Amino acid sequence: KKAVQFNPADIKEELLKKYPPKVARKRATQIMINEAQESETPSEIVANVRTIPGIITMRGCTYAGCKGVIMGPTRDILNITHGPIGCGFYSWLTRRNQTDAGETGENYMPYCFSTDMQDQDIIFGGEKKLAAAIEEAYDLFHPKGICVFATCPVGLIGDDIHAVARKMKAKFGDCNVFAFSCEGYKGVSQSAGHHIANNQVFTHLVGENQTPPAGEYKINLLGEYNIGGDGFEIDRVLKKCGITNIATFSGNSSYEQFASAQHADLSAVMCHRSINYVADMLETKYGIPWIKVNFIGAGATAKSLRKIGQYFGDKALVDRIEAVIAEELPVVEAVAADVKTRTTGKTAMLFVGGSRAHHYNELFQEMGMKTLSAGYEFGHRDDYEGREVIPSLTVDADSRNIEEIEVEADEKLYRARKTPEEIKALEDAGYKFKHYDGLNRDMDKGSIIIDDLNQYEAEKLVELLKPDIFCAGIKEKFSIQKLGVPMKQLHSYDSGGPYAGFKGAVNFYKEIDRLVSSKVWSYMKAPWQQNPELTATFVWE
Ligand code: CFN
Ligand code: HCA
């Protein structure tokens, strides 16, 4: 099958056609025909803004970003959701973050802790119930840390979760209890939850352990969550190279890892979107610089290892990294050469949270595939356009409106249209420069980049461009498959993984080859193929 030829401007128009004019105008600012090449200024996109009411977004909430994403994968901190049971239950392991209990055997991942708020707690307040839940958890497990997460009703009724946490911490003496005001409705997406989690974990935990861990070439791996075992594969490769990973934020992480993060010499940032705040705070407070890495894709993995080697500049390390790459890469390349005979020229669409659309684009390129359209659920402008300036983001997210903080931070961050004079002024004011490419740079000219894609537009895009594979999340999975197009979850990896590192690349090539080469999807008839006239009519009686 040949790649579809299309005029991106027509596609954009088609996507917007059904909307009322005001909605179409707003959505138009979030759909961009890509122009960005090395020498060009990236096209402008509006991102990190509220979803228009009535649109069925793919986004999640602030609680999900804080509890589910950042703190959830930590194995020996006991996470209590203060709220109705659904919030705790649905953020419990659906993301497929893997854990290995390690030597201590301490692992709370198999448990789901919640205060299970009821009507009477909403009416009379839930603080006493929360204190009792913390006490019960402490008595049963004696963990090093207990974290408390607010859900929507907690903010609405005004329970002071921080006061409860402080009281319980003082009472126990040997357990660090702290809370997150991550009510689901705050901010515009998961992203605000990341920010809140970053600030609290940095304030209450990082730096607690004064004893430097043993090992050479110490790094922190930021923004890696061990989905489908990705972190295990990255750790295998790092270890083989002789690089010591002090703390992963936060796949299979432990309390001690967070507490020791300030002892690292370098932070390697995998998912910039979710953890850039910690990276900046480690740099500002402890002088630990950060670099962007990407372990999705064999080429990207090799490049990232070399980048780490270059930072330390030590010949022994650089040689070892080269030896590891020389040993690992040929196996991967042999599989790539085989699958490429079937995958070259096939097309993909990638719509994932805040960094995977970018990272997986590289993996598809390694298979000779073309990404027709991609975007983030909740990326900010710097994730699209790249980033050049780093301000200090050490702000107390609980003392101010998180939306205000986000807007302010974004204004300083995004790189695109700053004049050389503006950049110089920022430099003079003490901001350090760092180059970090956004999604635009990696996408072909003429591809379509869409922020906060919704269910309607997803189906329309598939109908118009008929990609060979569509990648997104569980909410999109079945509607896309019903259109006769294979769908791969790039959040939870369905039941697969790891896809990171060298071994992960092999897994991914094989999985995608299977999906795009399968005949089964062609037997599905999409509604418009069966009956082009089919429409639904709403009759107002
Ligand atoms: S593991 Fe990460 S890589 S942390 Fe983030 S922005 Fe989510 S949970 Mo889903 S898969 Fe996704 Fe990224 Fe970073 Fe995952 S693309 S939406 S909040 N994400
Ligand atoms: C979240 C988590 C999620 C959801 C994935 C999906 C994940 O945003 O709350 O929609 O399939 O990766 O588990 O992004």
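The values are calculated or read from the model by the stated rules, or taken from the named source; none is laboratory data. Computed from a prediction, not measured in an experiment: that's the story for all the values here. Virtual Cβ from ideal backbone geometry, glycine too; neighbours counted across all protein chains shown.
Values computed for the structure shown
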{"read-out": "Unique match (being buried (at least 18 other Cβ atoms within 10 Å of the Cβ), out of contact with any Pro (no Cβ under 7 Å at 6 or more places or on another chain) and not β-branched (Val, Ile, Thr)) among GLY83, GLY88, GLY125, GLY102", "value": "GLY88"}
{"read-out": "Answer residue from the stretch 363-376, given it is within 16 Å of ligand 1 (Cβ to nearest atom) and either β-branched (Val, Ile, Thr) or more than 15 Å from LEU453 (Cβ to Cβ) (or both) and is surrounded by the fewest Cβ atoms within 10 Å (Cβ to Cβ) among those", "value": "PHE364"}
{"read-out": "Evaluation of ALA298 against (1) under 27 Å from SER191 (Cα atoms); (2) touching a Leu at 6+ places or on another chain (Cβ under 8 Å); (3) among the hydrophobic types (A, V, I, L, M, F, W, C) (one fails), failing number", "value": "(1)"}
{"read-out": "Single unsatisfied condition, VAL23 versus (1) away from ligand 1 (no atom under 16 Å from the Cβ); (2) crowded, with 24+ Cβ neighbours inside 10 Å", "value": "(2)"}
{"read-out": "Tabulated pairs, the stretch 327-348, first more than 22 Å from ASN361 (Cβ to Cβ), second surrounded by 13 or more Cβ atoms within 10 Å (Cβ to Cβ) and of a type in the set (Phe, Trp, Tyr), C-beta under 8 angstrom, 6+ apart or interchain", "value": "VAL331/PHE502"}
{"read-out": "Residue within the stretch 90-101 that is in contact with a strand residue (DSSP E or B) (Cβ under 7 Å, 6 or more places away or on another chain) and more than 25 Å from CYS271 (Cα to Cα) present", "value": "no"}
{"read-out": "Meets criteria (touching a helix residue (DSSP H, G or I) at 6+ places or on another chain (Cβ under 8 Å), crowded, with 21+ Cβ neighbours inside 10 Å and modelled with pLDDT under 70) for ILE402", "value": "yes"}
{"read-out": "Qualifying residues in the stretch 272-322 (those that are among the hydrophobic types (A, V, I, L, M, F, W, C), outside any helix (DSSP H, G or I) and away from ligand 2 (no atom under 16 Å from the Cβ)) - the one farthest from HIS204 (Cα to Cα)", "value": "PHE295"}
{"read-out": "From the options ILE31, ILE56, ILE77, residue that is surrounded by fewer than 16 Cβ atoms within 10 Å (Cβ to Cβ) and touching a residue at least 24 places away in the same chain (Cβ under 8 Å)", "value": "ILE56"}
{"read-out": "Tally, over the stretch 283-333, of residues that are small (Gly, Ala, Ser) and crowded, with 17+ Cβ neighbours inside 10 Å", "value": "7"}
{"read-out": "Residue satisfying all of: in the stretch 344-362; under 22 Å from GLN5 (Cα atoms) and within 16 Å of ligand 1 (Cβ to nearest atom); modelled with the lowest pLDDT among these", "value": "GLU362"}
{"read-out": "Which listed residue, of LEU350, LEU372, is assigned to a strand (DSSP E or B) and within 16 Å of ligand 2 (Cβ to nearest atom)", "value": "LEU350"}
{"read-out": "Sole residue being in contact with a helix residue (DSSP H, G or I) (Cβ under 8 Å, 6 or more places away or on another chain) and charged (D, E, K, R), chosen from GLU511, GLU476", "value": "GLU476"}
{"read-out": "The stretch 212-242, subset touching a helix residue (DSSP H, G or I) at 6+ places or on another chain (Cβ under 6 Å), part of a loop (DSSP other than H, G, I, E, B) and in contact (Cβ under 8 Å) with a residue 60 or more places away in the chain, residue surrounded by the fewest Cβ atoms within 10 Å (Cβ to Cβ)", "value": "GLY242"}
{"read-out": "Meets criteria (among the β-branched types (Val, Ile, Thr), touching a helix residue (DSSP H, G or I) at 6+ places or on another chain (Cβ under 8 Å) and over 30 Å from ASP451 (Cα atoms)) for VAL69", "value": "no"}
{"read-out": "Test: residue in the stretch 59-76 that is in contact with a Pro (Cβ under 7 Å, 6 or more places away or on another chain) and either farther than 19 Å from SER274 by Cα or in a loop (DSSP other than H, G, I, E, B) (or both)", "value": "yes"}
{"read-out": "Residues of the stretch 105-122 that turn out to be buried (at least 19 other Cβ atoms within 10 Å of the Cβ) and touching a residue at least 40 places away in the same chain (Cβ under 8 Å), as a count", "value": "0"}
{"read-out": "Counted residues, the stretch 187-211 - those being more than 14 Å from ligand 1 (Cβ to nearest atom), of a type outside the set (A, V, I, L, M) and part of a loop (DSSP other than H, G, I, E, B)", "value": "5"}
{"read-out": "Odd one out for HIS162, checked against (1) in contact (Cβ under 8 Å) with a residue 60 or more places away in the chain; (2) more than 22 Å from LEU282 (Cα to Cα); (3) assigned to a loop (DSSP other than H, G, I, E, B)", "value": "(3)"}
{"read-out": "Condition met for GLY155 (closer than 23 Å to ASN107 by Cβ and surrounded by 16 or more Cβ atoms within 10 Å (Cβ to Cβ))", "value": "no"}
{"read-out": "Residue satisfying all of: in the stretch 77-88; assigned to a helix (DSSP H, G or I) and small (Gly, Ala, Ser); nearest to LEU140 (Cα to Cα) among these", "value": "GLY88"}
{"read-out": "Count of residues meeting criterion [within 16 Å of ligand 2 (Cβ to nearest atom) and of a type outside the set (Asp, Glu)] in the stretch 211-248", "value": "7"}
{"read-out": "Selection status of ALA268, away from ligand 2 (no atom under 16 Å from the Cβ), closer than 22 Å to HIS194 by Cβ, in contact with a strand residue (DSSP E or B) (Cβ under 9 Å, 6 or more places away or on another chain) and in a strand (DSSP E or B)", "value": "yes"}
{"read-out": "The stretch 353-369: number of residues that are within 16 Å of ligand 2 (Cβ to nearest atom) and either out of contact with any Cys (no Cβ under 8 Å at 6 or more places or on another chain) or in a helix (DSSP H, G or I) (or both)", "value": "6"}
{"read-out": "Any hit, the stretch 319-336, residues being within 16 Å of ligand 1 (Cβ to nearest atom) and either under 30 Å from MET58 (Cα atoms) or in contact with a Leu (Cβ under 8 Å, 6 or more places away or on another chain) (or both)", "value": "no"}
